[in-house]
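Trainee: First, the structure itself, so that you have it in front of you.
The values are calculated or read from the model by the stated rules, or taken from the named source; none is laboratory data. The shown structure was predicted, so the numbers you read here are calculated from the model rather than taken from an experiment. No Cβ is skipped: glycine too gets one built from the backbone with ideal geometry, and neighbour counts run over all protein chains shown. Areas reflect the complete protein model, heavy atoms only, side chains present, ligands, DNA and RNA absent. Shrake-Rupley method; radii C 1.70, N 1.55, O 1.52, S 1.80 Å.
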Amino acid sequence: MRGKVTAVVGTKWGDEGKGKIIDALAQKVDVVARATGGSNAGHRVVINGKAYPLHLLPSGVFNLNAKVVIGNGVLIDPIVLWNEVKALEKDGIPVLNRLYISEKAHVVLPIHIALDEYEESVRIRKIGTTKRGIGPTAEDKYGRFGIRMGDFLPYAPMRNCKDSVDYCLRTNYQIRSKMANEEMRVKLAIASCNRNEKEFLEAVVGLRDCVCDTISLVHQWLERGQNLLIEGAQATLLDIDFGTYPFVTSSNPTAAGMCTGIGIGPTQLTEVIGVLKAYESRVGEGPFPTEQNNELGNKIRELGHEYGTTTGRPRRCGWLDLVALKYACRVNGLTGLAVNHLDTIGKFHSIPVCTIYRNDDYLTEAFSSEVNKLQKCEPMYTHLKGDFGDISQAKSLDDLPSNAIRYLQLIADHTGVPIRYVGVGPEREHLIECCLLPEKMEKE
Ligand code: IMP
């Protein structure tokens, strides 16, 4: 029998706690994969009290029996990946012998990081990028002068790895500098690029044996009945097509993008789990209808420890937005939801949840990610009872107080999607596996 494919996607602006859900799911699969984004992602997995921040390796790497794939859709900064691999190997977690990196994955070069900073500095509408070189690397990819991991292999133009790296960095620089009109800025970028060249080469040499044709391998494994978990990075409202453009990332972190990023067809996805927090957060610029830029927002931030894993930036916080969530369910075709931080929201006495927007003089349940339209929307709230108490030890829905169940039921009913996981604390064991059906589905 063919193996199952489960994809985990973020439903909002990232940082929904995908790492924890993935970590739980990863224990049951044979292959774990990243398919989109790059080191702009930051997943924090807590195991035995130790926090592991990961940017490029799938969080499922902690299932030591799983093969680990970095698919063609990922933009790879070899220095970041190599440091992550080394850190885990040092802690006794073997990675190199089960890591498969797509030869088609584009490479974030040191120059891209400098260019990311430069582009952000000249942008009239700042995006607040993570400065990990994602935008410029994607520009090279779609401009068709990008460098791919396969370019460092022996069949590439240069046989020797140092020559390949040299050749790639120079070629890319030549194209870039011809395109640039701010000579001095590009020279600056190159200066920063040169500083990292030695470290870059060391990383490429370290990873080179893992680079291969991951598309063929993934299909062979699936045909042998092995199960695959595709781990999302970023999230729906940061998607370059479905998100709040231009305040988005340069990839498609939604379910269809994950298919492209690993090399499978949409019909091969068995399940798509959308992860959300019981409230909202966003880093960087862009509209955020339910944002609480006040004491309440500060309280959510402190209770939920809402500071970026990648940049350390304080996250903007606000109430749960079910209008946006329904949109995420639609564009991803979600089959299940994972609700994190139920414990955090349960510390409030009364909890506002946005169920509809007011746009000028009419009410709408239709979410539009068009910035100009979204900025006009005023969220309308339903207030639910909080005070859930200490729910961190809950192992099933039966262990939750009725106020907490009502909160979850509202989410399932509004979206029409079953709740499959509930996070009740930061550790991997603080997770309830369940199947809370929407009312309509129960009746059918
Ligand atoms: P970039 O992906 O670094 O170009 O950043 C574009 C936008 O996406 C910025 O607003 C970032 O803060 C946001 N972003 C990118 N990756 C993540 C993530 O993993 N979590 C949350 N926000 C992200």
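Trainee: Out of segment 195-220, which residues are in a helix (DSSP H, G or I), surrounded by fewer than 18 Cβ atoms within 10 Å (Cβ to Cβ) and touching a residue at least 60 places away in the same chain (Cβ under 8 Å)?
Mentor: Result: R195, E197, E199, E202, G206, D209, I215, L217.
Trainee: Moving on. Quick check on segment 36-55. Is at least one of its residues aliphatic (A, V, I, L, M) and at pLDDT 95 or above?
Mentor: No, segment 36-55 contains no residue that is aliphatic (A, V, I, L, M) and at pLDDT 95 or above.
Trainee: May I ask you to say which residue of C329, C435 is over 20 Å from the mean Cα position of the chain (by Cα) and of a type outside the set (K, R)? Step through it out loud before you land on a result.
Mentor: Working: C329 fails: over 20 Å from the mean Cα position of the chain (by Cα).
That would be C435, the only listed residue that is over 20 Å from the mean Cα position of the chain (by Cα) and of a type outside the set (K, R).
Trainee: Under 6 Å by Cβ, and 6 or more places apart or on different chains, what pairs join a residue from segment 24-44 that is open to solvent by less than 10 Å² (accessible area, probe 1.4 Å) with one that is hydroxyl-bearing (S, T, Y) and modelled with pLDDT of 95 or more?
Mentor: Pairs that qualify, where the first residue is open to solvent by less than 10 Å² (accessible area, probe 1.4 Å) and the partner is hydroxyl-bearing (S, T, Y) and modelled with pLDDT of 95 or more, are T36/S251; G37/S251.
Trainee: Ok, one more. For K126, are the conditions met, namely being among the charged types (D, E, K, R) and more than 16 Å from the ligand (Cβ to nearest atom)?
Mentor: Answer is no for this residue.
Trainee: Considering G318, G297, G263, G286, which residue is touching a Ser or Thr at 6+ places or on another chain (Cβ under 8 Å) and open to solvent by less than 10 Å² (accessible area, probe 1.4 Å)?
Mentor: Exactly one of G318, G297, G263, G286 is touching a Ser or Thr at 6+ places or on another chain (Cβ under 8 Å) and open to solvent by less than 10 Å² (accessible area, probe 1.4 Å), namely G318.
Trainee: Further question on the same structure: Could you tell me which residue of segment 240-260 is most open to solvent (accessible area, probe 1.4 Å), considering only residues that are touching a Leu at 6+ places or on another chain (Cβ under 9 Å) and within 12 Å of the ligand (Cβ to nearest atom)?
Mentor: Taking the candidates together, the pick is S250.
Trainee: Identify all residues within segment 4-23 that are more than 14 Å from the ligand (Cβ to nearest atom) and open to solvent by 10 Å² or more (accessible area, probe 1.4 Å); write none if there are none.
Mentor: K4, T6, K20
Trainee: Ok, one more. Which helices (runs of 4 or more DSSP H) does segment 282-392 wholly contain that include 2 or more residues that are within 30 Å of V5 (Cβ to Cβ)?
Mentor: 322-332
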